[in-house]
1. Just subtract the alpha-carbon distance of Phe148 and Arg170 from 0.36 nm times their residue separation and send over the number in nm, one decimal.
2. Going through the DSSP H helices of the chain, which span 30 Å or more along their own axis at the Cα atoms while scoring at least -0.5 as a mean Kyte-Doolittle hydropathy?
3. Could you tell me the extents of the chain's C-alpha atoms along the three principal axes, largest first, rounded to whole Å?
4. Rounded to the nearest 0.05, what FRET efficiency do Leu163 and Ser25 give with R0 = 45 Å and r taken as the Cβ-Cβ distance? Could you check?
5. Given a cut-off of under 8 Å on Cα pairs at least six residues apart, what relative contact order in percent is computed for the chain?
6. Explain nothing, just the number: relative contact order of segment 104-187, from Cα pairs under 8 Å at least 6 residues apart, as a whole percent.
7. Can you sort Glu165, Glu100 from fewest to most other Cβ atoms within 10 Å of each residue's own Cβ?
8. Springs between alpha-carbon atoms under 10 Å, Gaussian network over the chain: tell me which of Arg98, Arg28, Arg107 tops the mean-square fluctuations.
Amino acid sequence: MADTLLILAGVSAACGSAALRHAWSLHRRSSLWNAAGWGLFLLGVVAGWWGAGAWGVSVASLVGMSAALLILSHAAITSPAADSAKASNRRVGMLPERGEPLHLRRRLMTFLIVVILAMIVSTGLGIAAYGLMALTGAAEANSVVTGFFVTPLAWSILAYALLMEERRIRQWATLGILAVPGALALIFGLSA
């Protein structure tokens with residue numbers, strides 16, 4: 001039974017890659033093909049989990065990624081060369097136009113918020129995750145690993161969210177709200 005589920009997981013993941021490639025090669029966006037592709041990936045993950053747990057999910061993922069590599073390699077080799085295609089010179093506001101102010105204070109503040117303060121808040125979220133695991137009776141090693149897992153994940157998500165926010169006050173509000181779990185963990189002594 002487990003072997004059948006693993007085979008189903010691999011075939012489903014490979015078909016998911018093929019369905020997504022087909023969906024993305026169409027001239028118009030196809031919600032049906034996109035849903036079918038992602039649904040096949042989900043079926044592969046579920047079948048892999050039922051067949052062999054985390055190992056089954058990793059096998060299904062490996063088959064799906066290998067199929068995607070082969071499909072995209074074939075597409076890259078067989079696609080015609082684009083002679084007339086030029087690189088875009090569209091500017092995204094990274095640098096000011098000639099004569100405009102550099103806004104260094106605003107840029108430095110964005111850096112401090114996204115890198116330094118977001119890392120501090122993410123570390124607090126990692127400490128809160130550690131404390132939550134410890135409260136639920138998890139072993140010390142599992143609690144530490146969970147805290148170490150949450151910190152970079154929270155930092156990357158938080159950095160993305162902060163960079164997408166245009167208003168500074170909303171950046172501060174996001175940091176303030178997400179700092180609460182870490183502060184509570186430190187106040188109640190859940191960090192050690």
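1. The Phe148-Arg170 span can extend by a further 5.2 nm.
2. 2-25, 31-78, 140-164
3. 61, 52, 25
4. 0.90
5. Result for the chain is 18 percent.
6. The normalised contact order for segment 104-187 reaches 43 percent.
7. In increasing order of surrounding Cβ atoms, one gets Glu100, Glu165.
8. Result: Arg28 has the largest fluctuation of those listed.
All of the numbers you see were taken from the coordinates with simple rules; none came from a lab. A quick note: this is a predicted structure, and the numbers were derived from the prediction, not measured. Ideal geometry is used to build each Cβ from the backbone, glycine not excepted, and the neighbour counts take in all protein chains shown.
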